[in-house]
Amino acid sequence: MKCLYCGCEDSKVIDSRSADEGRTIRRRRECVRCGKRFTTYETIEDTPVLVVKANGTRQSFDAGKIKNGIVKACEKRPVSMSAIDELVDGITKRVYNSMEQEISSKAIGEMVMEALKDLDEVAYVRYASVYRSFKDISSFMAELQKLMDNKK
């Protein structure tokens, strides 16, 4: 780290502390040439992930939108908020761990449905009915039949 006062590129760390709820490390440094002290901050570089919608538009990934959809699907179901938060965290980690800068909304929807299937079958069917936008009762029944066949 380059000293602000003399430009020397050699300094020693005197103190390190966590800051910003653990997302940043604050380091107190001392220049080995002039002895002056200065503070640096180290943070994780956040690479934005863009979601490619069905119509081709792109928008920033927002875990809050996933949570809202899951909360609606789980309405009046015996599913705790902690279970929903855990599910959203898992999907968010999968999205960021994919190391892709773009992900399709379809892929995210499939992740949500896969997770909901294990969490609550009624919530899964509710989410699937909106996500897959069933055109008629027969397409809805076909999805229910697949769910029943997988259970056997």
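The values are calculated or read from the model by the stated rules, or taken from the named source; none is laboratory data. No experiment lies behind these values; they were computed from the predicted model shown. Heads up, the Cβs are rebuilt from the backbone with ideal geometry, glycines too, and the neighbour counts pull from every protein chain shown. We work out accessible area using only protein heavy atoms, side chains counted, and drop any ligands, DNA or RNA first. Shrake-Rupley method; radii C 1.70, N 1.55, O 1.52, S 1.80 Å.
FRET efficiency for the GLU121 to SER18 pair, using the beta carbon distance and R₀ = 35 Å, is estimated at 0.25.
Compute a Gaussian network model of the chain, connecting alpha carbons closer than 10 Å, and tell me which residue from THR40, THR57, THR92 fluctuates the most. Highest fluctuation of the listed residues: THR40. Working value for the stretch 42-105: equivalent-ellipsoid semi-axes of 24, 16, 9 Å, each the square root of 5 times a Cα gyration tensor eigenvalue, largest first. Estimated from helical segments only, the mean residue ellipticity of the chain at 222 nm is -14500 deg cm²/dmol, where each DSSP H run of four or more residues counts as -39500 (n - 2.57). About its Cα centre, the dipole of the chain is roughly 360 debye, where the only charges are +1 on Lys and Arg Cβ and -1 on Asp and Glu Cβ.
The ratio of the alpha-carbon radius of gyration of the stretch 70-130 to the globular-protein estimate 2.2 N^0.38 Å is 1.12.
Considering only SER82, SER138, SER16, the mean-square fluctuation computed in a Gaussian network model of the chain, springs between alpha carbons under 10 angstrom, is largest for SER16.
Are there any trypsin sites (Lys or Arg not before Pro) in the stretch 1-33 that are in a DSSP loop and have at most 14 other Cβ atoms within 10 Å? List them by number. Answer in residue order: LYS2, ARG23, ARG33.
Cβ-Cβ distance of GLU86 and LEU147, R₀ of 22 Å, FRET efficiency by 1/(1 + (r/R0)^6): the value works out to about 0.50.
How much net charge surrounds ARG26 when only other residues with a Cβ under 10 Å from its Cβ are counted (Lys, Arg +1; Asp, Glu -1)? Don't jump to the answer; show the numbers that get you there.
Values: positive: ARG17, ARG27, ARG28; negative: ASP15, ASP20, GLU42.
Combined, the nearby Lys, Arg, Asp and Glu give 0.
With distances taken between every two different alpha-carbon atoms, the stretch 27-79 has a Kirkwood hydrodynamic radius of 16.0 Å. Under 16 Å of direct C-alpha separation, and excluding same-chain neighbours fewer than eight residues apart, LYS93 reaches these lysines: LYS65, LYS67.
Considering only protein heavy atoms, what per residue accessible area in square angstrom results for the stretch 26-151 with a 1.4 angstrom probe? List each step's numbers first, then the result.
Working: 8390 Å² over 126 residues.
Dividing the accessible area of the stretch 26-151 by its residue count gives 67 Å².
Multiplying the residue separation of ILE44 and ARG94 by 0.36 nm and removing their Cα-Cα distance gives an extension gain of 16.2 nm.
Other residues within the sphere of radius under 15 Å centred on the Cβ of TYR96, judged by their own Cβ, net out at -3 (K and R +1, D and E -1).
For the chain, averaging the sequence separation of C-alpha pairs within contact (under 8 Å, six or more residues apart) and dividing by the residue count gives a relative contact order of 15 percent.
Taken along the Cα-to-beta-carbon direction at a fixed 7 Å, the label points for ALA63 and CYS8 span 4.2 nm.
Cα-based Rg of the chain per 2.2 N^0.38 Å, rounded to two decimals?
Details: Rg = 23.8 Å, N = 152, 2.2 N^0.38 = 14.8 Å.
With N residues counted in the chain, Rg over 2.2 N^0.38 Å equals 1.60.
Which of ASP89, ASP120, ASP15 moves most in a GNM of the chain, Cα contacts under 10 Å? Largest GNM mean-square fluctuation: ASP15.
Heavy atoms only, probe 1.4 Å: what % of the accessible area of the stretch 7-152 goes to carbon and sulfur, would you let me know? Write out the running numbers ahead of the final one.
On the way: 4960 of 10020 Å².
Of the solvent-accessible surface of the stretch 7-152, carbon and sulfur hold 49 percent.
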